[in-house]
1. Could you check the stretch 87-106 and list, in sequence order, the residues that are part of a loop (DSSP other than H, G, I, E, B) and more than 18 Å from ALA44 (Cα to Cα)?
2. In this structure, is ALA52 touching a helix residue (DSSP H, G or I) at 6+ places or on another chain (Cβ under 6 Å), of a type in the set (Gly, Ala, Ser) and modelled with pLDDT of 90 or more?
3. Condition first: over 11 Å from GLY61 (Cβ atoms), out of contact with any Phe, Trp or Tyr (no Cβ under 9 Å at 6 or more places or on another chain) and without any contact (Cβ under 8 Å) to a residue 60 or more places away in the chain. Now tell me which residues in the stretch 82-97 satisfy that.
4. Which residue is modelled with the highest pLDDT, if the candidates are limited to the stretch 55-86 and must be hydrophobic (A, V, I, L, M, F, W, C) and part of a loop (DSSP other than H, G, I, E, B)?
5. Which residues, counting only those in the stretch 103-119, are without any contact (Cβ under 8 Å) to a residue 60 or more places away in the chain and either within 16 Å of CYS50 (Cα to Cα) or buried (at least 16 other Cβ atoms within 10 Å of the Cβ) (or both)?
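The values are calculated or read from the model by the stated rules, or taken from the named source; none is laboratory data. Nothing here was measured: the structure is a model prediction, and the numbers come from that model. All Cβ positions, glycine included, derive from the backbone under ideal geometry; neighbour counts span all protein chains shown.
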Amino acid sequence: MMHRKSHGATPKPAPGLPLGPFRVFEDGLVSPLTPERLPRLRFAWRGQDCHAALADGLHLGADVGRLRSTASGADRAAAFAALPALRGALPAGCHLRLLPDHRLRVETRAELDAPASAISMVAAMVRFALALDPWLDEMALHAVTETSGRAVVARA
C-alpha cells in the first residue's frame, strides 16, 4: 500500500530560538516569547536576589534587606528612621521600596532599544550591580540598627 504525501502547506517555524521566556534571533536580539508574559531573568549580586524584566526597557531590582516584622517600639522607630538616609544614598535613578512583607527592594529602569540585544541586557544588569555595590557597603555599615540586642534591619 502506498502512502500519499500531503501537499498542504506546512507551517513555517517561528524565527529565532526559544530560550526560557525569550526568543533569541541570529543577530543576538531578543524579544518576549509570548507578548502577554513579562520575561524575567534572575541573578544574584553579593548574595542579594536580583531580577531583570524586559518591558519597555529593562526593569531592574534587588532585594537588599528586610525590616524585622517583630521589631517593636524603639526598634521599629529606629528602623523606619534609617530609611530616608538609605534612600538618599542610592545611586542616581534608583529608588527604594518597602514591600508588604517588609523586604527592602532597590529598583531602576534601563533604556534599551526594542528589540533589545542579549548583550545590552547583560550590560545593563552589570551596570546596575556595580552601581549598587557602594550602596550595599554603606548599608552593611550603617543600616543594621541594633537595640535591645536585635538587628531590626537585616541583609536579605
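1. Start the filter on the stretch 87-106 by keeping residues that are part of a loop (DSSP other than H, G, I, E, B), which leaves 89-94, 99-102.
Hits for the stretch 87-106 are ALA89, LEU90, PRO91, ALA92, GLY93, LEU99, PRO100, ASP101, HIS102.
2. Details: touching a helix residue (DSSP H, G or I) at 6+ places or on another chain (Cβ under 6 Å): yes; of a type in the set (Gly, Ala, Ser): yes; modelled with pLDDT of 90 or more: yes.
It is true that ALA52 is touching a helix residue (DSSP H, G or I) at 6+ places or on another chain (Cβ under 6 Å), of a type in the set (Gly, Ala, Ser) and modelled with pLDDT of 90 or more.
3. Within the stretch 82-97, the subset over 11 Å from GLY61 (Cβ atoms) is 82-93.
Of the ones still in play, those that are also out of contact with any Phe, Trp or Tyr (no Cβ under 9 Å at 6 or more places or on another chain) are 82-85, 87-88, 92-93.
Selection gives LEU83, PRO84, ALA85, ARG87, GLY88, ALA92, GLY93.
4. Checking each candidate, the answer is ALA55.
5. ARG103, LEU104, ARG105, VAL106, GLU107, THR108, ARG109, ALA110, LEU112
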